[in-house]
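Asker: Got a structure for you, written out below as C-alpha cells; questions coming shortly.
The values are calculated or read from the model by the stated rules, or taken from the named source; none is laboratory data. Quick caveat, the model's predicted, so the values are computed rather than measured. Cβ: placed from backbone, ideal geometry, glycine included. Neighbour counts: every protein chain shown. Side chains are part of the model used for accessible areas, which takes the heavy atoms of the whole protein and leaves out ligands, DNA and RNA. Shrake-Rupley method; radii C 1.70, N 1.55, O 1.52, S 1.80 Å.
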Amino acid sequence: MTAVLETYFKILEQFQRYERRESQEKMVLAVDAALKNKAHVIIEAGTGSGKSFGYLIPVLHQFLSEDAPLGSEGAMPVVISTATIALQEQLMQKDIPFLTQAAGIQDLNVQLVKGRGNYLCIQKLNELERTVKVGSPTMLHIQYLKASLEEGWTGDLADLEMSVPPELWQEVRSDAEDCLGKKCRYFDQNPYRLARESLEKAHLLVVNHALYLQDAASGQSLLPIHEQVIFDEAHQLKQWALNAFTIRIGKFATQKLIQKIHRRLQSIPDEFHHRIIDSEAALLDLFFQEDTAVSRLYASAEMLYRVANQIVILQDLEQWIGGLDMKQLPSLRPDLIQSDLDLDKARIQREKLKQQLQGLISRWEFFLEANPFEKARVNWISVDRDRLYYELKSTPLNSADILSTQIWESKTGILTSATLAINNQLQFICSDLGLNPACEQLILPSPFNYKAQCVLYLPDAMPLPNSNHYLEACCLEIERVIHQCHGNALILFTSNAAMHQATAFIAPKTAYPVKAQGDMPKNRLIDWFKSTPNSVLFATATFWEGIDIPGDALRCVVIDKIPFASPGDPVNKAMVDYITANGGDWFSEYALPKAIIRLKQGFGRLIRTNQDKGLVCILDARIRKKGYGKIIQRSLPQVTVFSGLDQLPEWVFEGAEQVYF
C-alpha cells in the first residue's frame, strides 16, 4: 500500500460508517502522483464521489511526510480555488477542519483569501471625509467606519456589524492603483497589508476562481508565490479566465478619475472639464445608437475618431499633471506640505495618478483597433438607457493560450469537477483550458446507482424548440409532470422570459405552492423550497448548478431546452466566427460541448445522496430527433429512458406524498 493511501485510510477510519469508495481512492492516488511529479491532472469525479477529500488528503499527506514541504520554513502554500461561496464555506468550516483533526495535524495554517476590494483604505476614507457635508447620510456612514476602526474593526467589509452603501464602499475600498505603500501615513494600520501579511504564513489558501484569475491577469501580484493549485468546479474556469482578461471602460471611468485628481491635486483647469464633457457627450450619443442592450462593437470611422479624441484629452491631462509644482499639493490641505517627506508623498501621489491615466489610455486603445478579431479579441458594448450608462468591453477569444502561459507553464494544476467529460472523453475540456492533451486524465464514476435511483423522461410528442407552439407545449407537459410528482419539482429554463411566461401560465392552475426565481433572495428561496411540502420552483441561470436539495423535497427536475448559448450574445457569436475562420467546426468543438456541460449540471441537481430518487425530464425534442442527441445522452448519467409518463415505474414516486391544500 502506498504511503498516501495509508494516510487516507487512517483519516477515514474516523468515520463511524465508513464505506470504501474506489473512485475516491483512485483520485487520491492520481492527485498525489501529480503533486509529486509536478504534473497536471484533470479528473471528472461524479456527484457523491467525495472530490474534496480526494484532493485534500494528498495535500495533507505532504504536510505529514518526513520532509514536510508544507510545514517547513519558507515552503510555498497550496492554493485551492473554487467557483462558489457554498463550496468555500464547506471547505473552510467542514472538510478541512475535520481532515486536519483526523490526521492529527495541529498547526496547519488555513486562510480564506479575499480580494483587495473587501478591505478599507484609511487614506481614502479621510480624503472623502474632507469633501462631505457634516450631518449628511454619507458623513454618518464615514463616522461609523472610523468609530469601528477605533473599536478594533479589521477593515474587512464582511466583519462590519452594519452595512454601508455600495457606492460609498466603492469610494473607500483599497486598490493597488492608489496605494502609496510604505509612504502612506496609515501604512502600519493598513487593513489589506495586515491581511496580506497573514497570507504569507499560510500553508493552505482557499480562494475563488475570480480572484485567482485576477491574480494571473495582474502578473501574480495578489496571491503569495505558490507552485501547486487545485481547481474545484473546474468546468467554470474558462469563463472566469475570459472575465479576468476582459478590458472594461464604463461611462464614469474618466469622471471618477477626474474627481480623484481634484481631491488630491489642485483643481483641474476649466479647459479640460469642457473638453471631457463634450467628448463624453459625443460618445454617449454614439453608443446609444445601438439597438440592443448588449451588442458587438464594430469600429466605424466615427467611433475611431471619438475614441482617438478621448485618448488625446487624457494624454494632455497626463502632461498637465506631470508639470505641476509639488508644493501645490494637496490644495485642500496646504498645511500638510511641511517637510521633504510630505513632498515625497505628494510626488508618489502624482505618479500614481499618472499611472492611472496611462492605464485608462491603454484601455481606450483596445477600442482603436479597426479589427480586434485579428488579435483574437471581440469588442462589445452593454447599454443601460434607463441609467444613461454604457460599458465597453474587449474580451479575448483564446482562453487556452492565456491559461497555458499564465498558469500551466509555472504551476502544478489539479482540475476536478463532476461535469467535465463529453461523450465519456476529456479532450474538449483539455483543449478549451489549454492543457497538454498528454496530461493525466481520469473519469471516475459516481457511487450512486443511477439506474435504481433515477429515470430520464423524454416526451415523444414535443415539437421542436423553433415551433411557435413550443412554450405552450412545454407548459402543458410541465403541468402533467408536476401533477404526477405531486410537486417536489425544480423547473429549469434557459431564459428569463420563458421562465416568467411559464410561471404565469402554470401557477394559477396548480394546487401546489409555486415560486419563481426573483420572488425571494436565492438562499431564502431554496429554504422555502426545502421546507414547503410539494412545492414547485421555477428558475434559471444560477439554479442550474451549485444548489443542494437532497431528500424528498426534490423528486423531479424539468429542463425546458438544451442550454445552448444565446446566439445574440456577442462573445458567443464572435467565438463561433473565430473558430470558423480558423477552420474549425464551431458546433461540435464549442457550442455542443458547452451545452452538454451545462445540461449535466442541471441534471445533477436531482440525485445528491444514496437515498434520493426521482426523474429528470428534458422537454427539448432535439435530444431524440437530432444526431447529436445521442452524444448528449451518452454524456449524461446512464439511466433508463422513457417517452411517456404512464410508462414510469412506481418506485420513482414512492415516498412523494401529496399534501392537500
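Asker: Any chance you could count how many residues in region 135-144 are open to solvent by less than 60 Å² (accessible area, probe 1.4 Å) and either touching a His at 6+ places or on another chain (Cβ under 6 Å) or not small (Gly, Ala, Ser) (or both)?
Answerer: The number of residues fulfilling the criteria is 5.
Asker: From the list 530, 561, which one is open to solvent by 20 Å² or more (accessible area, probe 1.4 Å), at pLDDT 95 or above and farther than 23 Å from residue 632 by Cα? Write out each step before concluding.
Answerer: Working: 561 fails: farther than 23 Å from residue 632 by Cα.
Among 530, 561, only 530 is open to solvent by 20 Å² or more (accessible area, probe 1.4 Å), at pLDDT 95 or above and farther than 23 Å from residue 632 by Cα.
Asker: Here is a further query. Somewhere in region 373-391, is a residue within 26 Å of residue 218 (Cβ to Cβ), touching a Gly at 6+ places or on another chain (Cβ under 6 Å), of a type in the set (S, T, N, Q) and touching a residue at least 12 places away in the same chain (Cβ under 8 Å)?
Answerer: no
Asker: Taking only region 3-38 into account, find how many residues are under 15 Å from residue 446 (Cα atoms), touching a Gly at 6+ places or on another chain (Cβ under 9 Å), assigned to a helix (DSSP H, G or I) and open to solvent by 80 Å² or more (accessible area, probe 1.4 Å).
Answerer: Number satisfying all stated conditions: 1.
Asker: Here is a further query. Tally time: how many residues in region 377-397 are surrounded by fewer than 17 Cβ atoms within 10 Å (Cβ to Cβ) and touching a Phe, Trp or Tyr at 6+ places or on another chain (Cβ under 9 Å)? Walk me through it before giving the result.
Answerer: From region 377-397, those surrounded by fewer than 17 Cβ atoms within 10 Å (Cβ to Cβ) are 384-389; that's our starting set.
Those still in the list that are touching a Phe, Trp or Tyr at 6+ places or on another chain (Cβ under 9 Å) too: 384-385, 388-389.
Result for region 377-397: 4.
Asker: For region 487-497, indicate whether the set of residues that are open to solvent by 50 Å² or more (accessible area, probe 1.4 Å) and farther than 25 Å from residue 634 by Cβ is non-empty. Break it down into steps so the answer makes sense when it comes.
Answerer: Keep residues of region 487-497 that are open to solvent by 50 Å² or more (accessible area, probe 1.4 Å), which gives 494, 496-497.
Then drop every residue that is not farther than 25 Å from residue 634 by Cβ, which leaves 496-497.
Checked region 487-497: at least one residue is open to solvent by 50 Å² or more (accessible area, probe 1.4 Å) and farther than 25 Å from residue 634 by Cβ.
Asker: Kindly evaluate residue 414 against the criterion of being out of contact with any helix residue (DSSP H, G or I) (no Cβ under 9 Å at 6 or more places or on another chain) and part of a strand (DSSP E or B). Give the derivation first.
Answerer: Numbers: out of contact with any helix residue (DSSP H, G or I) (no Cβ under 9 Å at 6 or more places or on another chain): no; part of a strand (DSSP E or B): yes.
No: the conditions fail for residue 414.
Asker: Still on this model: With 630, 594 as the choices, which residue is modelled with pLDDT of 95 or more, open to solvent by 10 Å² or more (accessible area, probe 1.4 Å) and under 22 Å from the mean Cα position of the chain (by Cα)? Break it down stepwise before answering.
Answerer: On the way: 630 fails: under 22 Å from the mean Cα position of the chain (by Cα).
From the options 630, 594, the qualifying one is 594.
Asker: Starting from residues that are at pLDDT 90 or above, of a type in the set (A, V, I, L, M) and outside any helix (DSSP H, G or I), keep the ones in region 265-298 and report whichever is least open to solvent (accessible area, probe 1.4 Å).
Answerer: Filtering first and then ranking leaves 297.
Asker: Among the strands (runs of 3 or more DSSP E) lying completely within region 450-529, list those that include at least 1 residues that are touching a residue at least 24 places away in the same chain (Cβ under 8 Å) and more than 34 Å from the chain's Cα centre (by Cα). Reasoning before the result, please.
Answerer: On the way: elements: 454-457, 489-492, 514-516.
Where strands (runs of 3 or more DSSP E) fall fully within region 450-529, none carries at least 1 residues being touching a residue at least 24 places away in the same chain (Cβ under 8 Å) and more than 34 Å from the chain's Cα centre (by Cα).
Asker: List every residue pair whose Cβ atoms lie under 8 Å apart, where the two residues are 6 or more positions apart in sequence or sit on different chains, the first residue falls within region 282-299 and is without any contact (Cβ under 8 Å) to a residue 40 or more places away in the chain, and the second residue, located anywhere, is surrounded by fewer than 16 Cβ atoms within 10 Å (Cβ to Cβ) and not β-branched (Val, Ile, Thr).
Answerer: Close Cβ pairs (under 8 Å, with a partner that is surrounded by fewer than 16 Cβ atoms within 10 Å (Cβ to Cβ) and not β-branched (Val, Ile, Thr)) amount to 282/309; 286/302.
Asker: Within region 633-661, count every residue that is of a type in the set (A, V, I, L, M, F, W, C), closer than 24 Å to residue 479 by Cβ and either open to solvent by 50 Å² or more (accessible area, probe 1.4 Å) or at pLDDT 95 or above (or both).
Answerer: Kept after step one, since they are of a type in the set (A, V, I, L, M, F, W, C), are these residues of region 633-661: 636, 639, 641-642, 645, 648, 651-653, 656, 659, 661.
Narrowing the set further to residues that are closer than 24 Å to residue 479 by Cβ leaves 639, 641-642, 645, 648, 651-653, 656, 659, 661.
Among the residues that remain, those that are also either open to solvent by 50 Å² or more (accessible area, probe 1.4 Å) or at pLDDT 95 or above (or both) are: 639, 641-642, 651, 659, 661.
Within region 633-661, residues that are of a type in the set (A, V, I, L, M, F, W, C), closer than 24 Å to residue 479 by Cβ and either open to solvent by 50 Å² or more (accessible area, probe 1.4 Å) or at pLDDT 95 or above (or both) number 6.
Asker: Among the residues of region 208-233, which ones are in contact with a Gly (Cβ under 9 Å, 6 or more places away or on another chain) and under 30 Å from residue 48 (Cα atoms)? Before the answer, list the steps.
Answerer: First, pick out the residues of region 208-233 that are in contact with a Gly (Cβ under 9 Å, 6 or more places away or on another chain): 208, 210-211, 214, 222, 228-231, 233.
Residues satisfying the conditions are 208, 210, 211, 228, 229, 230, 231, 233.
Asker: Identify, by number, the condition in (1) open to solvent by 30 Å² or more (accessible area, probe 1.4 Å); (2) without any contact (Cβ under 8 Å) to a residue 60 or more places away in the chain; (3) assigned to a helix (DSSP H, G or I) that residue 92 doesn't meet.
Answerer: Only one criterion in (1) open to solvent by 30 Å² or more (accessible area, probe 1.4 Å); (2) without any contact (Cβ under 8 Å) to a residue 60 or more places away in the chain; (3) assigned to a helix (DSSP H, G or I) is unmet by residue 92, namely (2).
Asker: So, one more: So which residues in region 425-448 are more than 21 Å from residue 400 (Cα to Cα) and modelled with pLDDT of 95 or more?
Answerer: Pass one, region 425-448, residues more than 21 Å from residue 400 (Cα to Cα): 443-448.
Of everything in region 425-448, those that are more than 21 Å from residue 400 (Cα to Cα) and modelled with pLDDT of 95 or more turn out to be 443, 444.
Asker: Which of the residues belonging to region 613-627 are closer than 22 Å to residue 48 by Cα and either in contact with a Phe, Trp or Tyr (Cβ under 6 Å, 6 or more places away or on another chain) or open to solvent by 10 Å² or more (accessible area, probe 1.4 Å) (or both)? Please lay out each step first, then the result.
Answerer: Within region 613-627, the subset closer than 22 Å to residue 48 by Cα is 613-617.
Answer for region 613-627, where residues must be closer than 22 Å to residue 48 by Cα and either in contact with a Phe, Trp or Tyr (Cβ under 6 Å, 6 or more places away or on another chain) or open to solvent by 10 Å² or more (accessible area, probe 1.4 Å) (or both): 613, 615, 616, 617.
Asker: Next up: Give me the helices (runs of 4 or more DSSP H) completely within region 550-643, filtered to those with at least 2 residues that are over 30 Å from residue 397 (Cα atoms), ordered by residue number. Break it down into steps so the answer makes sense when it comes.
Answerer: Details: elements: 570-581, 592-603, 622-625, 629-635.
In region 550-643, 622-625 are the helices (runs of 4 or more DSSP H) which contain 2 or more residues that are over 30 Å from residue 397 (Cα atoms).
Asker: Do you know which residues across region 466-486 are polar (S, T, N, Q) and open to solvent by less than 50 Å² (accessible area, probe 1.4 Å)?
Answerer: Pass one, region 466-486, residues polar (S, T, N, Q): 466-468, 484.
The one that is polar (S, T, N, Q) and open to solvent by less than 50 Å² (accessible area, probe 1.4 Å): 467.
Asker: Pick out the one residue from 83, 75 that is surrounded by 13 or more Cβ atoms within 10 Å (Cβ to Cβ) and under 21 Å from residue 232 (Cβ atoms). So that I can check it myself, show each step before the final result.
Answerer: Working: 75 fails: under 21 Å from residue 232 (Cβ atoms).
Result: 83 is the single residue among 83, 75 that is surrounded by 13 or more Cβ atoms within 10 Å (Cβ to Cβ) and under 21 Å from residue 232 (Cβ atoms).
Asker: Separate question: Would a scan of region 300-322 turn up a residue that is at pLDDT below 90, of a type in the set (Gly, Ala, Ser) and either outside any helix (DSSP H, G or I) or open to solvent by less than 20 Å² (accessible area, probe 1.4 Å) (or both)?
Answerer: Checking region 300-322: not a single residue is at pLDDT below 90, of a type in the set (Gly, Ala, Ser) and either outside any helix (DSSP H, G or I) or open to solvent by less than 20 Å² (accessible area, probe 1.4 Å) (or both).
Asker: Any residue in region 419-448 that's within 23 Å of residue 22 (Cβ to Cβ) and open to solvent by less than 40 Å² (accessible area, probe 1.4 Å): show its pairings with residues that are modelled with pLDDT of 95 or more and of a type in the set (S, T, N, Q) at Cβ separation under 6 Å, as long as the two are six or more apart or on different chains.
Answerer: Pairs found: 419/601; 426/441.
Asker: Another question, then. Considering 540, 609, 580, which residue is surrounded by 21 or more Cβ atoms within 10 Å (Cβ to Cβ) and of a type in the set (Ser, Thr, Tyr)?
Answerer: The match here is 540.
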